[in-house]
Every structure is written in structure tokens, then in C-alpha cells.
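Where a number appears in this text, it was derived from the coordinates with a stated rule and is not lab data. Computed from a predicted model, the values in this text were never measured in an experiment. Glycine gets a Cβ as well: all are built from the backbone with ideal geometry, and neighbour counts include every protein chain shown.
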């Protein structure tokens, strides 16, 4: 390859010209036109062959997904969908009201875990009455307490929904 803009001597240009004599140009995409003869040869070569996407399969070969239409009614997860409940909970937990409630609970408890008495560390604001069962108490400061991560995991309302059922309500 030569550098772009390189200057060749007249002798060098003549040698290149002699070397390229008799060769057909292959660069059709650089503005060169195909002759009618070449177009006919290409047409004959491609005759009977598909040039677009193949939509049919060879005889005797069945694609892996033929006849396997996905029917969402067969899946239990489709029947358990409850109208975007998760999105609502995420929106509430990322709201300014939730951040203010959390900060108010921490300040009231002086950033001290109410179970073990540790100050600072990884603190979490815990709802005494579950967030999901008592929507009217979600942002009530009386319904919150400051707990360290370990103490929060030991509460009966942490994580699993089976513990929430002990409160006499159901999550659903």
C-alpha cells in the first residue's frame, strides 16, 4: 500500500502502468460501471438461487421452533402478575417522602440501633408494621425504628413474605 498523497517519480508511474496493463479492474464499488456482458453473466449465475433471507427450509428438515408458539396462559408467572405492584413499591421507596421518613427515624433514634445499641455502622430504617400491609403507616415516624443490618435481618418482618402473614394480613 502506498501512503495517501505520496509523490511518485515519472519512472515509477510508468512501471506501475506497465504492471497493471491487461488486468481487469475488480473495484466495481469505486464508481466503475459493469458492462452488459458482465451483468448477464451475474444474472445467469444467480438464476434459481435466493439472494434474500431464506424463509423456507430444505425438504425433510424441520426447524427447532416449528409449531412451538409460546402461549403465556400456560405459565403460572403470567397468572400471578398483579398490575405492576413492584414498580409502585420501587417508586415509593425512591421518593423524597421515604428519604425524609428514613432520615427522621435515624435522627430520632440518634443513629443508634434500637436492639443491640451499636452506634453508626450500616444502619437501616425498619417499619415496625410491614410496609406492604399498612400503606397508611408507610411514612409515619412512629412506625419506624433504627436497626443495624444484623438486627434487621432477625426481625420477623424482614424479607420473606411468609413472616408477614403472621401479622394477620396477606401480602396479596
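If Rh is defined by the Kirkwood formula over all Cα pairs and Rg also comes from Cα, what ratio Rg/Rh do you get for segment 83-156?
In segment 83-156, Rg relative to Rh is 0.98.
Length gain on complete extension for the stretch residue 14 to residue 154, per 0.36 nm per residue less the alpha carbon to alpha carbon distance?
Separation in residues times 0.36 nm, less the Cα-Cα distance, equals 41.5 nm.
Could you check the spin-label model distance between residue 34 and residue 108? Points 7 Å from the Cα along Cα→Cβ, value in nm.
It is 8.0 nm.
Which order do peptides 142-150, 4-12, 119-127 fall in by mean Cβ count within 10 Å, highest first?
Answer by packing, highest mean first, reads 142-150, 119-127, 4-12.
Under a crude label model (7 Å from the Cα following the beta-carbon direction), how far is residue 100 from residue 7 in nanometres?
7.6 nm
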